[in-house]
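Handing you a structure now.
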Ligand code: NAP
């Protein structure tokens, strides 16, 4: 499908943005849907974020995705946040409605849909551990709280960031118990007694297992282990968890479903998941 005078643009704002798989996945969906929309990577330095957001409005982009490190700071630059974004304090999707910029967050819903395809979990009873307290961790934690999780443990390198997340919960989910640990504390028993364990840190593939504070020897076939990083090969944590018999989920499933939810926000239509999945796996 060619680009012409009526082509609408959507971008992904990030720094760095070269690693992103979203353009491949989203453009495949737009093409299959017969929509004259193109999705482009947009490298935006933190100091240029206000100008980039103004550009979305000025150039009449249909909207944008937002990734590291802009998900939290972009909140202050938009006209309106929906409940998913205001609860998470983070935005991954901007919708431009005739110059009014709305912030949404589809990461949490994407995670819940992906995990629903992987394992049968009663969120109202499951003990959950989340490694990380950044934008992705926040969105997932909010989505789990909305599903009725009674207790969430956050393990994060920087205590203050975890405390900030806990404050968000005190406001919106007062009945939810939030426990905070630092990575150097002994959390082995906690791992044993949890059902769902999620690595939502941005620890890269190199040195991955060493940097992820999880005692994999405690894992069994009762555990569901997720690592939301998306990379060509399976994250070392998932390889180790699989060896222990745990059910595992990688980041591509969440990427797929958060992206599909973003397309729904921009177009009002449901994109073909199989086309998007094929584009990611090709
Ligand atoms: P972020 O806001 O920058 O948060 C990063 C988190 O990782 C923080 O909790 C940070 O801890 C922790 N961290 C970073 N380096 C670490 C290290 N060396 N050791 C221990 N902890 C470390 O990033 P984000 O937006 O939440 O994204 C996190 C990851 O999720 C990224 O890899 C991103 O690509 C991925 N992601 C995937 C999807 C998907 O659809 N699959 C969606 C969103 C994000 P501190 O607080 O101590 O700095």
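All of the numbers you see were taken from the coordinates with simple rules; none came from a lab. Quick caveat, the model's predicted, so the values are computed rather than measured. Quick reminder, even Gly has a Cβ in these numbers, built from the backbone with ideal geometry, and neighbours come from all protein chains shown.
Between the stretch 154-189 and the stretch 60-125, what's the alpha-carbon centroid distance in Å?
Here the two parts' Cα centres lie 21 Å apart.
In addition: Compute the FRET efficiency between residue 186 and residue 221 as 1/(1 + (r/R0)^6), taking r as their Cβ-Cβ distance and R0 = 22 Å, and round to the nearest 0.05.
Result of the calculation: an efficiency of 0.40.
Quick one: among 146, 31, 185, which has the greatest mean-square fluctuation in a GNM of the chain with alpha-carbon springs under 10 angstrom?
185
Using square roots of five times the C-alpha gyration tensor eigenvalues, list the equivalent-ellipsoid semi-axes of the stretch 5-159 in whole Å, biggest first. Provide the component values of the computation, followed by the final result.
Details: eigenvalues 168, 68, 40 Å².
In descending order, the three semi-axes are 29, 18, 14 Å.
Rounded to the nearest 500, what is the chain's calculated 222 nm mean residue ellipticity when only DSSP H runs of at least 4 contribute -39500 (n - 2.57) each, over all residues?
On the way: 11 runs with 110 residues, N = 282.
Taken over the chain, the calculation gives -11500 deg cm²/dmol.
Springs between alpha-carbon atoms under 10 Å, Gaussian network over the chain: tell me which of 233, 26, 258 tops the mean-square fluctuations.
233
Given labels modelled 7 Å from the Cα in the Cβ direction, how far is it in nm from residue 265 to residue 151?
For the pair residue 265/residue 151, the computed spacing is 3.3 nm.
Compute the whole-percent fraction of alpha carbon pairs in the stretch 108-249 spaced more than 17 Å apart.
56 percent
Considering the zone a paramagnetic label at residue 58 would reach in this model (a point 7 Å from Cα along the Cα-to-Cβ line), which residues of the stretch 1-29 have amide N under 19 Å from it?
Under 19 Å, as judged by backbone N against the label point of residue 58, lie 9-14 of the stretch 1-29.
If you don't mind, another one. State, as an integer percentage, the relative contact order of the chain based on alpha-carbon contacts under 8 Å between residues 6 or more apart. Intermediate results must be reported in sequence, preceding the final value.
Working: 553 pairs, mean separation 48.3, N = 282.
Relative contact order here is 17 percent.
Which values of log₁₀ I(q)/I(0), to two decimal places, follow from the Debye formula for the chain at q = 0.11, 0.12, 0.14, 0.16 Å⁻¹ with a uniform point scatterer at every Cα?
Listed by q, the Debye log ratios stand at -0.62, -0.74, -0.99, -1.27.
What distance in nm lies between label points placed 7 Å from Cα along the C-beta direction at residue 31 and residue 210?
Using points 7 Å along Cα→Cβ, the separation is 4.2 nm.
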